[in-house]
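**Student:** Quick one: the structure is below, questions incoming.
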Amino acid sequence: MKSSPLSPSVSRRSVLKSAAVLTSMAMVTGLAACSSGSSGDASSLTFWISTSVEQQAGYDQLAKAYEEKTGTKINVVNIPYDGYATKLRSSAQANDLPDVARVASIDPIWTKATMDLADIVNNEANRINKDLVITDSDGSVMSIPSDVTASGMFINASLFEAAGVAYPTDPKDTWTWDEFLEATTKVRNSAGAKYNLTFDSSPSRLRAFQYQLGGNAVQGTGGSFASNDKTVGIYETFKKMNDDVVMPKSVWTSGADANALFKSGQVAAYFSGVWQIADFESTITNFKWAAVPSPAQPVHATDLNYGGLTVAFDNSDAKGKAAHDFVAWMYAPENYKALAETNGFLSVETGLDLSYPFESKAALDGFELYNREIELADPISGSFAEAQVQWALNGKALADDPTVSQMGAYINGQQDAQTTLANIIAGYDKQVGGE
């Protein structure tokens with residue numbers, strides 16, 4: 001396997017641990033947002049999430065079961081992703097935080113208001129993979145991952161079948177990007193598809209694409225950032241794919257919805273991630289779909305991260321304890337198993353025999369495939385997370401990743417590939433560079 005340029009000996013477990021370090025590193029700084037008095041009615045707790053309707057179902061079921069068992073009502077509030085972090089920050093400033101939240105990242109403004117969850121993680125009965133959790137210097141734990149995510153490929157299997165085009169099913173015997181593009185071009189021409197592929201306008205997905213083609217994206221843990229000599233050529237390849245034939249330009253240049261385009265049935269494939277399985281299971285009814293191995297040319301890689309982090313807030317002695325108790329109950333294996341199965345989570349607990357309650361073979365096969373993909377992923381798949389750890393240690397964060405806007409300008413013909421790379425590196429240098 002090709003090793004990460006940041007850490008040649010990194011294993012999958014340390015890759016995932018690095019991602020957990022990233023999201024919890026903000027523990028070392030923060031502002032007290034809430035008081036911790038002895039008052040507060042703990043008979044009703046508020047639980048904020050930001051997720052799809054399909055994945056809210058698991059949390060709703062969990063809340064109902066907890067109320068039936070304990071009498072404590074859990075009010076699940078699903079907040080739109082755009083603005084969620086701002087709303088949580090504003091709530092901290094107003095001394096009005098929820099009791100429990102599933103968050104995408106840690107904000108220093110409310111870290112001092114969180115409950116210590118170390119006893120939940122250290123309870124061996126819970127089977128939480130400790131390599132996914134970061135502890136502070138005093139052994140405290142601010143957050144527990146809700147699930148693991150990875151980038152990957154989906155296809156419209158109906159179009160492939162109509163065109164008589166085969167596709168791989170085993171990650172150990174996957175296709176190259178050249179083979180993938182050849183296959184999807186045949187599908188487009190033979191089955192009347194509009195595009196070969198839609199591709200999320202995401203830095204994460206572009207990183208995975210670069211890793212798979214032997215690139216290393218933008219690397220650095222301090223000082224100046226750099227990229228290897230394959231990057232400009234990979235950018236040129238990606239622009240050629242965005243030609244309104246292979247891929248629609250509008251996704252990367254003007255924010256068109258790649259998910260909706262794929263679900264229209266007019267696209268042969270979609271490069272996105274594991275979180276789409278639950279959505280596709282419930283919303284795609286007009287064609288057969290399948291998760292397939294990601295192309296490797298020559299590197300088998302993805303971009304590893306987390307679906308979310310669970311935190312409990314210390315809003316008062318009574319409510320803080322109640323919030324902690326609810327999180328402890330959530331991560332008891334039988335309860336977490338139910339949540340993971342309903343929501344289609346890749347588990348953060350070991351030894352669980354998950355039986356996802358999906359009706360379609362496509363969904364069940366998809367989860368099995370992603371587990372195998374993650375096991376085979378080259379260590380570079382976690383190099384971005386490793387770098388973020390160092391940025392956090394330096395008290396810095398990449399608040400505004402320039403990748404999508406710069407690549408959009410390149411695809412639109414406003415600049416060349418070299419300028420695009422230089423601008424992306426400059427954006428990284430400005431925000432997280434320096435010693």
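The values are calculated or read from the model by the stated rules, or taken from the named source; none is laboratory data. These figures come from a predicted structure and were not determined experimentally. Virtual Cβ from ideal backbone geometry, glycine too; neighbours counted across all protein chains shown. SASA here: full protein model, heavy atoms, side chains in, ligands and nucleic acids out. Shrake-Rupley method; radii C 1.70, N 1.55, O 1.52, S 1.80 Å.
**Student:** What is the sum of charges, Lys and Arg at +1 and Asp and Glu at -1, for the other residues whose Cβ falls under 14 Å from the Cβ of Ala322?
**Tutor:** Taking every other residue near Ala322 into account, the sum is -2.
**Student:** Based on the Cβ-Cβ distance from Glu375 to Ala94, what FRET efficiency comes out when R0 is 35 Å, to the nearest 0.05? Walk me through the numbers on the way to the answer.
**Tutor:** Working: r = 45 Å, r/R0 = 1.27.
According to the calculation, E is roughly 0.20.
**Student:** Another question, then. What number, rounded to the nearest 500 deg cm²/dmol, is the helix-based mean residue ellipticity at 222 nm of the chain, given -39500 (n - 2.57) per DSSP H run of at least four residues and division by all its residues?
**Tutor:** The per-residue figure over the chain is -13000 deg cm²/dmol.
**Student:** Roughly how many debye, to the nearest 20, is the charge dipole of the chain about its Cα centre, given +1 on each Lys and Arg Cβ, -1 on each Asp and Glu Cβ, and no other charges?
**Tutor:** Numbers: 32 positive and 50 negative charges, 121 e Å.
Its charge dipole is roughly 580 debye.
**Student:** What does the charge count near Ala42 come to, summing +1 for each Lys or Arg and -1 for each Asp or Glu among other residues with Cβ under 11 Å from its Cβ?
**Tutor:** -1
**Student:** Would you work out which of Ser264, Ala301, Ala291 lies farthest towards the positive end of the dipole of the range 244-319, given +1 charges on the beta-carbon of Lys and Arg and -1 on that of Asp and Glu, about the Cα centre?
**Tutor:** Positive-end residue among those listed: Ser264.
**Student:** Right, here's the next one. Taking the Cα centre of the chain as the origin and placing charges on Cβ (Lys, Arg +1; Asp, Glu -1), which of Pro248, Gly223, Gln431 is farthest toward the positive end of the dipole?
**Tutor:** Farthest along the dipole direction, towards plus: Pro248.
**Student:** Which of the peptides 404-415, 86-97 is most tightly packed, and how do the rest follow, going by the mean number of other Cβ atoms within 10 Å of each residue? Each step should come with its number before you reach the end.
**Tutor:** Details: 404-415: 17.9, 86-97: 15.8.
Highest to lowest by the protection proxy: 404-415, 86-97.
**Student:** Extension gain Glu236-Glu67, at 0.36 nm per residue separation less the Cα-Cα distance, in nm?
**Tutor:** My answer for the length gained is 55.3 nm.
**Student:** Between Glu368 and Glu179, take the C-beta separation as r, use R0 = 25 Å, and let me know the FRET efficiency to the nearest 0.05.
**Tutor:** 0.65
**Student:** Give the long-range amide H neighbours of Ala217: residues separated by 5 or more places, or on another chain, with amide H under 5 Å away, using H modelled in the peptide plane at 1.01 Å from N.
**Tutor:** Asn228
**Student:** The range 290-355: percent of C-alpha pairs farther apart than 18 Å? Can you show the working numbers first?
**Tutor:** Working: 1225 of 2145 pairs.
Of all Cα-Cα distances in the range 290-355, 57 percent exceed 18 Å.
**Student:** Say each of Leu352 and Ser190 gets a label point 7 Å from the Cα, pointing the same way as Cα to Cβ; how far apart are those two points in nm?
**Tutor:** 4.0 nm
**Student:** What translational diffusion coefficient, to the nearest whole µm²/s, does the chain have by Stokes-Einstein, given a Kirkwood radius computed over alpha-carbon pairs, a temperature of 25 °C and 0.890 mPa s viscosity? Before the final figure, lay out each step's value.
**Tutor:** Numbers: Rh = 22.6 Å.
Once the numbers are plugged in, D ends up at 108 µm²/s.
**Student:** Tell me, what % of the accessible area of the chain is carbon and sulfur with a 1.4 angstrom probe?
**Tutor:** 48 percent
**Student:** Over the chain, average the accessible area per residue using a 1.4 Å probe and give it in Å², no decimals.
**Tutor:** It amounts to 40 Å² per residue over the chain.
**Student:** Roughly how many Å is it from the Cα centre of the range 97-120 to that of the range 398-424, as a whole number?
**Tutor:** A separation of 34 Å, based on Cα centres.
**Student:** Roughly how many Å² of Trp391 are accessible to a 1.4 Å probe, to the nearest 10?
**Tutor:** Around 10 Å² of this residue is reachable by solvent.
**Student:** Equivalent ellipsoid semi-axes for the range 141-222, as square roots of 5 times the alpha carbon gyration tensor eigenvalues: give them largest first, rounded to whole Å.
**Tutor:** Semi-axis lengths for the range 141-222 are 31, 16, 13 Å.
**Student:** What are the residues whose amide H is under 5 Å from the amide H of Ser44, where those residues sit 5 or more places off or on another chain and H is modelled from the backbone?
**Tutor:** Here the answer is Lys73, since their amide H atoms fall under 5 Å of that of Ser44.
**Student:** Evaluate the charge dipole of the range 104-190 about its Cα centre and quote only its size in Debye, nearest 20, assuming +1 on the Cβ of each Lys and Arg and -1 on the Cβ of each Asp and Glu.
**Tutor:** About 280 debye.
**Student:** Length gain on complete extension for the stretch Ser224 to Asn122, per 0.36 nm per residue less the alpha carbon to alpha carbon distance?
**Tutor:** 32.8 nm
**Student:** Please compute the volume of the convex hull spanned by the alpha-carbon atoms of the range 227-325 and report it per residue in Å³.
**Tutor:** 202 Å³
**Student:** Whose amide H sits under 5 Å from the amide H of Val76, counting only residues 5 or more places off or on another chain, with H placed in the peptide plane?
**Tutor:** When sequence neighbours closer than 5 places are left aside, the close amide H contacts are Phe47.
**Student:** Hey, another quick one. May I ask you to compute the full-extension gain from Ala328 to Ala166, defined as 0.36 nm times their residue separation minus their alpha-carbon distance, rounded to one decimal in nm?
**Tutor:** Once the chain is fully extended between Ala328 and Ala166, it gains 53.7 nm.
**Student:** State the antiparallel share, in %, of DSSP beta bridges confined to the chain, rounding to the nearest 5. Don't jump to the answer; show the numbers that get you there.
**Tutor:** Values: 24 of 36 bridges.
Close to 65 percent.
**Student:** If you don't mind, another one. For the range 265-388, state the average projected area of the convex hull of the C-alpha atoms over all orientations, rounded to one decimal in nm².
**Tutor:** Over all viewing directions, the range 265-388 projects a mean Cα-hull area of 10.4 nm².
**Student:** Given the C-alpha centroids of the range 356-376 and the range 168-198, what is the distance between them in whole angstrom?
**Tutor:** 20 Å
**Student:** Defining a contact as two alpha carbons under 8 Å apart and six or more residues distant in sequence, what relative contact order in percent does the range 98-204 show?
**Tutor:** About 18 percent, as a whole number.
**Student:** Got a sec to turn the phi values of the range 339-349 into Karplus ³J(HN,Hα) couplings, 6.51 cos²θ - 1.76 cosθ + 1.60 with θ = phi - 60°, whole Hz, x for Gly and Pro?
**Tutor:** These are the phi-based 3J(HN,Hα) values: 5, 5, 5, 5, 8, x, 7, 7, 6, 9, 10 Hz.
**Student:** Hey, another quick one. Set Lys and Arg Cβ to +1 and Asp and Glu Cβ to -1, take the dipole of the range 42-187 about its Cα centre, and tell me which of Thr174, Gln55, Gly71 lies farthest positive.
**Tutor:** Going by the Cα projections, it comes out as Gly71.
**Student:** Need one number: nm distance between label points at Asp257 and Ser140, each 7 Å from Cα along Cα→Cβ, rounded to one decimal.
**Tutor:** Using points 7 Å along Cα→Cβ, the separation is 4.2 nm.
**Student:** So how far apart, in nm, are the two label points at Asp244 and Thr283 if each is 7 Å from Cα heading toward Cβ?
**Tutor:** Spacing of the two 7 Å Cα→Cβ label points: 2.6 nm.
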